[in-house]
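The values are calculated or read from the model by the stated rules, or taken from the named source; none is laboratory data. All values derive from a computational prediction rather than experimental measurement. In this analysis, Cβ positions are derived from the backbone assuming ideal geometry, glycine residues included, and neighbour counts consider all displayed protein chains. All accessible areas refer to the heavy atoms of the entire protein, side chains included, with ligands and DNA or RNA removed. Shrake-Rupley method; radii C 1.70, N 1.55, O 1.52, S 1.80 Å.
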Amino acid sequence: MFFKLLNIIRLLQNHLFSMFLKLGFKKTGKNFLIEYPIRVVGGNYIEIGSNFNSFGRLRIEAYASHLGNTYSPNIIIGNNVSLNFDCHIGCVNQIVIGDNVLIASRVFITDHYHGSSTAESIQIPPSKRKVESPGPVIIQDNVWIGEGVCIMPNITIGENSIIGSNSVVTKSFPANSVIGGVPARLIKIINE
């Protein structure tokens with residue numbers, strides 16, 4: 001009984017927190033729920049659809065500037081998206097997450113790097129390098145992203161795909177893909 005009461009109190013707190021938090025985003029849909037704590041940067045560049053929920057310690061960051069450089073970030077999250085604990089989404093270009101996407105804990109999604117892999121770039125400390133985006137990240141509808149996955153810039157994940165735990169996704173995959181590994185590779189295509 002005690003833990004049931006604690007969970008009811010926690011749920012009420014998170015609903016109140018989410019109502020307040022909605023004010024900082026460009027757009028949010030119905031049934032928006034995010035557990036405390038959260039880190040938001042550039043909420044005015046972030047659109048979130050209906051029936052969104054996230055467990056605690058979400059970092060969602062849309063940077064319009066970094067070290068004097070300017071960017072046009074755009075994060076769009078569709079309807080019925082669920083994120084587990086400790087997810088991190090970092091954007092200076094564009095990240096699109098489609099409808100009905102399920103994201104496990106400790107997932108990192110980014111559309112940028114700190115610097116490039118040139119001789120000039122490595123002469124600069126990583127924290128002082130210009131942030132560069134080789135392209136957007138597009139995660140289409142009905143994708144399931146496993147625990148500990150990293151999704152790197154300039155890729156598209158086709159609809160209905162499954163990404164195995166601890167994979168590092170460095171290239172695009174078509175619809176209905178099952179992928180996994182470091183770097184991620186195609187394991188099979190799910191036939192309809």
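Expressed to the nearest 5 percent, the antiparallel share of DSSP beta bridges inside the chain is 15 percent.
Net charge near Ile139, counting Lys/Arg +1 and Asp/Glu -1 over other residues with Cβ under 13 Å of its Cβ? Around Ile139, the surrounding residues sum to -4.
Where does the range 84-137 land on the Kirkwood hydrodynamic radius, alpha-carbon pairs, in angstrom? Value: 12.8 Å, from the Cα pair sum. Building the convex hull from the alpha-carbon atoms of the range 129-192 and averaging its projection over directions returns 4.4 nm². Extension gain, Leu11 to Ala64: 0.36 nm times the residue separation minus the Cα-Cα distance gives 15.8 nm.
Out of all DSSP beta bridges with both ends in the range 149-192, state the antiparallel percent to the nearest 5. Don't skip to the end; give the middle numbers.
On the way: 4 of 9 bridges.
If I count the DSSP bridges inside the range 149-192, around 45 percent turn out antiparallel.
Determine the gain in length on full extension of the stretch Leu23-Lys128; use 0.36 nm per residue of separation and subtract their C-alpha separation, reporting nm with one decimal.
Numbers: separation 105, 0.36 × 105 = 37.80 nm, distance 3.24 nm.
That pair, Leu23 and Lys128, stretches by 34.6 nm at full extension.
In this structure the range 52-192 gives 47 Å² per residue of accessible area when probed at 1.4 Å with all protein chains present. If you look at the Cα atoms of the chain, you get an Rg and a Dmax of 17.5, 62 Å.
Local charge for Asp86 was computed over the other residues whose Cβ lies under 13 Å away, with Lys and Arg +1 and Asp and Glu -1, and equals +2.
Projected area of the range 80-192, taken from the Cα convex hull and averaged over every viewing direction, in nm²? Before the final figure, lay out the partial values.
Details: hull surface 28.5 nm².
For the range 80-192, averaging the hull's shadow over all directions gives 7.1 nm².
Diffusion of the range 1-115 by Stokes-Einstein, at 25 °C in a medium of 0.890 mPa s and with Rh set to the Kirkwood radius over alpha-carbon pairs, works out to 167 µm²/s.
If each DSSP helix of 4+ residues adds -39,500 (n - 2.57) and the sum is divided by the residues in the chain, what number results at 222 nm, nearest 500 deg cm²/dmol? List each step's numbers first, then the result.
Numbers: 1 runs with 20 residues, N = 192.
Result for the chain, helices only: -3500 deg cm²/dmol.
For Lys171, which lysines qualify as cross-link partners when the Cα separation must be under 19 Å and same-chain residues fewer than eight apart are set aside? Leaving aside lysines fewer than 8 places away in the same chain, those within reach of Lys171 are Lys188. Surface composition of the range 52-120: carbon plus sulfur atoms contribute 51% of the solvent-accessible area (1.4 Å probe, protein chains only, all chains present).
Determine the percent antiparallel among the DSSP beta bridges restricted to the range 115-192, to the nearest 5. It would help to have the intermediate numbers written out before the result.
Details: 4 of 14 bridges.
The antiparallel proportion sits near 30 percent.
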